[in-house]
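The structure appears right after this line, and notes come after that.
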Amino acid sequence: MEKIYVEKTASRGIAVAKIYKYEELDLKPVQSKILEQDKEGQINKFLDARECVRGELEKLATTNEIFSAHLEMVMDFTLEDSVKSKINDEADNAESAVSEAISEVAAVFEMMDDEYMKERASDIKDVGKRLMAQLKGVSLPDIGSLNEEAVILAKDLFPSDTVKMNTDYVKGIITEEGGVTSHVSIIAKNMDIPALVGVKGILDKLNTGDIVCMDAGEGVIIISPEEDVLNEYRQKKQEFENEKQRLKKLRGNPVVTKDGRKISLCINAGNAEDIEKALPVKMDGTGLFRSELLYMEKTHFPTEEEQFEVYKRAAELCPQELTIRTLDIGGDKKLPYFEFEKEDNPFLGWRAIRISLEMKDMFKEQLRAILRASAFGNVRIMFPMIISLDELREAKEIVEECKRELRGEGKAFCEDIETGMMMETPASVILAEEFAKEADFFSIGTNDLTQYLLAVDRGNKKIADKYSYFHPAVLNAIKHIIDAAHKENIKAGMCGEMAGDIKAAKILLEYGLDEFSMSAGSVDYVREELLKLTGAV
Ligand code: PEP
Ligand code: MG
C-alpha cells in the first residue's frame, strides 16, 4: 500500500476502482527528407488529412464548443503556411512538417504566464494528434469502449478523449500533466467525476488493473489499499454521495435574511457552456461573465457579430441577471495574437479598462455586442479595474455613444441596461461613496482587491501565506464598500473567490452582501451555509 498526496484538486469526489491506463498511440513522425518532385504530393497528403480532421471536428463541434475552437485551429492559415514551408523549404515529409508545426504553436502557448493560456497548448496538441493519426492511417484509442468501472490514468487527457467518456464506467481521473484550468479539469468538474491532475511520476507507479482509492477533495491517492482502507473509502464515498444528494434537495430554496432581504446566489462563467452546465444548481444568475476567455480562445480580436452570438446565447440561457464584464486582459492574461509591451509590473500596468479606453474601437465592438444581447435577457455591463470617476464616466459615455449608434441603426437593446463596476482596487474602496452615486451596482473582486490592498502578488507561491481575504484590512474594505453601496441604494455583490468560501459566508452575510457569485461547484455548499445562517434549515 502506498499513499500519495496531491496538491491540486481538479474535481472533488471519491473513487474506489481499478486503474485503466490510457496509453497513447505512438504518433511520432517518420523522419525522412523528400525529393523536390514529392513536395506537392506531401502537401496534398497534409491537405487531405486536414480535410478529414475538419469533417471529424465539424461533427464534434455540434456537441461541444471546444471542438469549434479546434476547428479554427486546424484551419488556421498560419498552421497551413508553416506546414507548407517546412515541406517546401526544408524538404520535410508531411508527418514531420505537421509534427514540427504543431510543436512550435504549442510551445508559444506553453511559454505564456497565464495558466489558462498555457493550457491551450493541449488543444493544439489534440488537433495535432488528429492530424497525425490521419496521416498515419490509424484510429485514436477510444475511452468510449470502456465497459467496466475504472479510474482513468493518463499522461494527459484531451477533449477528444474526454468527450466520449461514459460516467457509468469512468469513476475517477488521474493525470500526470495538466492543471486545474485544463480541459480535463473543466470537463471532470462538469461531468462530476473526481479528478486529480498534474500528479508527477504517477504513470510509473500504476498499471491497468491496479486498485486505487482516491479522495480528490483531500488530494489523496492510495495504491493497492488493504481491505480495511478499501472499506473505509467505500464508506467515505457513500457519505460523499449522500451529502451531495442532501445538498441537491436544497436547490431552489431562496436565501432570505431574517429581516427579509433576498440574497442572490450566482455563478461565475467563462462562456455560455458554463452557464448551461450550471443550470441544474438553480442559481439566481451569472454574477460574472469573464468575457476575456472569448478573446483568449480566438486567433483574432472577436468581431462584434462573434461576440453578439456568444452573449446572446448566454443571455437566453440565463434568464435572470447576466453580468458581462468587459475585457479584462493584461496582468497575467495575454492574447496570442496581440503584442503586449514588456512591463516591469504587469499587474500594475496596462490592463483591463485601461486597455479598453485606449483601444476605443475594440471596446465599442464589445459594448455594441453586449448591448444587442441585452435585448435577449437581463444583461448588465461591468467594468474591471476602475480607479477613478473619470474612467467610470468615460466608459459610461462610450456605452451611451454605442446606444446612439444602435438606435440610429434600428438595432434592439435594453435602454435601461445597468452599468456597474468591479471593486478591486484600493482607489475604488477609498472612493466607494462617490462611485456608488454613479455606478448601478458594485461587485467586489476579492482576488485582486486582496493582492492590491496587501501588496501580495496573488500568484506568488512564496508569499501565499500572506495572501488572505480574512486580513482585517480586506474585511474593513469589504464592509466599507457594502455600506457605501447601501447608502446610495445600490446592490453590492462579490465575484472573487471569497464569495464561494463557506468560511466567509457568515461575515459577508453580516456585512450585508447582496449577491454571492462563485464557481458553479460551490453554489450548493454556500447555499446550505447561508440557509443555516439565516435559520431556514
Ligand atoms: C477578482 O479580481 O476578484 C475577480 C473576480 O477578477 P479576476 O479573478 O478575473 O481578476
Ligand atoms: Mg480581478
Point to revise | Members of the stretch 328-345 found to be of a type outside the set (D, E, K, R) and touching a residue at least 40 places away in the same chain (Cβ under 8 Å), listed by number | key: L335, P336
Exercise for review: Output the residues belonging to the stretch 232-243 that are touching a residue at least 24 places away in the same chain (Cβ under 8 Å) and surrounded by 15 or more Cβ atoms within 10 Å (Cβ to Cβ).
Suggested key: Y233, K236, K237, F240
Study note, to complete from the structure: Note on K411: of the conditions (1) crowded, with 22+ Cβ neighbours inside 10 Å; (2) away from ligand 1 (no atom under 16 Å from the Cβ); (3) not in a helix (DSSP H, G or I), unmet is (1)
Review point. Going by the conditions given, is A395 more than 16 Å from ligand 1 (Cβ to nearest atom) and out of contact with any Ser or Thr (no Cβ under 8 Å at 6 or more places or on another chain)?
Key: no
Review point. Looking at this structure, is K403 charged (D, E, K, R), at pLDDT 95 or above, part of a loop (DSSP other than H, G, I, E, B) and touching a Leu at 6+ places or on another chain (Cβ under 9 Å)?
Key: no
Check your understanding: Can we say K8 is at pLDDT 90 or above and either surrounded by fewer than 18 Cβ atoms within 10 Å (Cβ to Cβ) or within 25 Å of N147 (Cα to Cα) (or both)?
Key -> no
Check your understanding: Can S428 be described as outside any strand (DSSP E or B), surrounded by 22 or more Cβ atoms within 10 Å (Cβ to Cβ) and at pLDDT 95 or above?
Key -> yes
Review point. Taking the stretch 450-465, which residues are basic (K, R) and either closer than 14 Å to P346 by Cα or within 13 Å of ligand 1 (Cβ to nearest atom) (or both)?
Key: R458
Revision key, fill the gap. Checked S522, S517 against criteria (free of Cβ contacts under 8 Å to residues at least 40 places away in the same chain, under 26 Å from E276 (Cβ atoms) and either basic (K, R) or buried (at least 17 other Cβ atoms within 10 Å of the Cβ) (or both)); the one match is S522
Check your understanding: Hey, among I174, I187, I193, which residue is farther than 27 Å from P29 by Cβ, touching a Ser or Thr at 6+ places or on another chain (Cβ under 7 Å) and not in a helix (DSSP H, G or I)?
Key -> I193
Review point. Taking G128 and the conditions (1) in contact (Cβ under 8 Å) with a residue 24 or more places away in the chain; (2) surrounded by fewer than 16 Cβ atoms within 10 Å (Cβ to Cβ), which numbered condition does it fall short on, given that it satisfies the others?
Key: (2)
Exercise for review: Show the residue pairs that are 6+ apart or on different chains and have beta-carbon atoms under 6 Å apart, the first residue being within the stretch 252-265 and in contact (Cβ under 8 Å) with a residue 40 or more places away in the chain and surrounded by 14 or more Cβ atoms within 10 Å (Cβ to Cβ), the second being in a strand (DSSP E or B) and basic (K, R).
Suggested key: V256/K262
Check your understanding: Out of all the residues in the stretch 513-537, which are part of a helix (DSSP H, G or I) and either touching a Gly at 6+ places or on another chain (Cβ under 9 Å) or within 16 Å of ligand 1 (Cβ to nearest atom) (or both)?
Key -> A520, G521, S522, V523, Y525, V526
**Study point:** So H480, is it in contact (Cβ under 8 Å) with a residue 24 or more places away in the chain and not hydroxyl-bearing (S, T, Y)
**Key:** yes
Point to revise | Test result for Q31, in contact with a helix residue (DSSP H, G or I) (Cβ under 9 Å, 6 or more places away or on another chain), exposed (fewer than 11 other Cβ atoms within 10 Å of the Cβ) and not hydrophobic (A, V, I, L, M, F, W, C) | key: yes
**Study point:** In the stretch 421-449, the residues that are within 18 Å of K333 (Cα to Cα) and near ligand 1 (Cβ under 8 Å from one of its atoms)
**Key:** M422, E424, G445, T446, N447, D448, L449
Check your understanding: Would it be correct to say that F383 is within 16 Å of ligand 1 (Cβ to nearest atom) and either under 23 Å from the mean Cα position of the chain (by Cα) or among the hydroxyl-bearing types (S, T, Y) (or both)?
Key -> yes
Revision key, fill the gap. Filtering the stretch 196-243 for residues that are assigned to a loop (DSSP other than H, G, I, E, B) and either touching a strand residue (DSSP E or B) at 6+ places or on another chain (Cβ under 7 Å) or on the phi > 0 side of the Ramachandran plot (or both) leaves a count of 14
Review point. Given the residues D204, D161, D142, D156, which is the only one that is among the acidic types (D, E) and surrounded by 23 or more Cβ atoms within 10 Å (Cβ to Cβ)?
Key: D161
Exercise for review: Check the stretch 51-67 and report whether any residue there is over 25 Å from E273 (Cα atoms), out of contact with any strand residue (DSSP E or B) (no Cβ under 7 Å at 6 or more places or on another chain) and at pLDDT 85 or above.
Suggested key: yes
Exercise for review: Could you check how many residues of the stretch 417-454 are more than 16 Å from ligand 2 (Cβ to nearest atom) and farther than 14 Å from I490 by Cβ?
Suggested key: 3
Point to revise | Long-range neighbours under 7 Å by Cβ, at least six apart or interchain, first residue assigned to a helix (DSSP H, G or I) within the stretch 462-477, second of a type in the set (D, E, K, R) | key: I463/D457
Check your understanding: What pairs can you find where one residue is in the stretch 496-512 and more than 16 Å from ligand 1 (Cβ to nearest atom), the other is of a type in the set (K, R), and their Cβ atoms are less than 6 Å apart, with a gap of 6+ or different chains?
Key -> Y511/K479
Practice item. Quick one: which helices (runs of 4 or more DSSP H) lie wholly within the stretch 267-379 and hold at least 2 residues that are aliphatic (A, V, I, L, M), within 21 Å of the chain's Cα centre (by Cα) and within 16 Å of ligand 2 (Cβ to nearest atom)? Key: 292-297
Review point. Taking into account only those residues within the stretch 380-398 that are charged (D, E, K, R), touching a residue at least 12 places away in the same chain (Cβ under 8 Å) and more than 16 Å from ligand 2 (Cβ to nearest atom), which is farthest from E434 (Cα to Cα)?
Key: R380
**Study point:** Top-ranked residue of the stretch 461-500 - restricted to ones that are more than 16 Å from ligand 2 (Cβ to nearest atom) and under 23 Å from the mean Cα position of the chain (by Cα), ranked as nearest to L530 (Cα to Cα)
**Key:** S468
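The values are calculated or read from the model by the stated rules, or taken from the named source; none is laboratory data. Since the structure is predicted, the reported quantities are computational estimates derived from the model, not experimental observations. Heads up, the Cβs are rebuilt from the backbone with ideal geometry, glycines too, and the neighbour counts pull from every protein chain shown.
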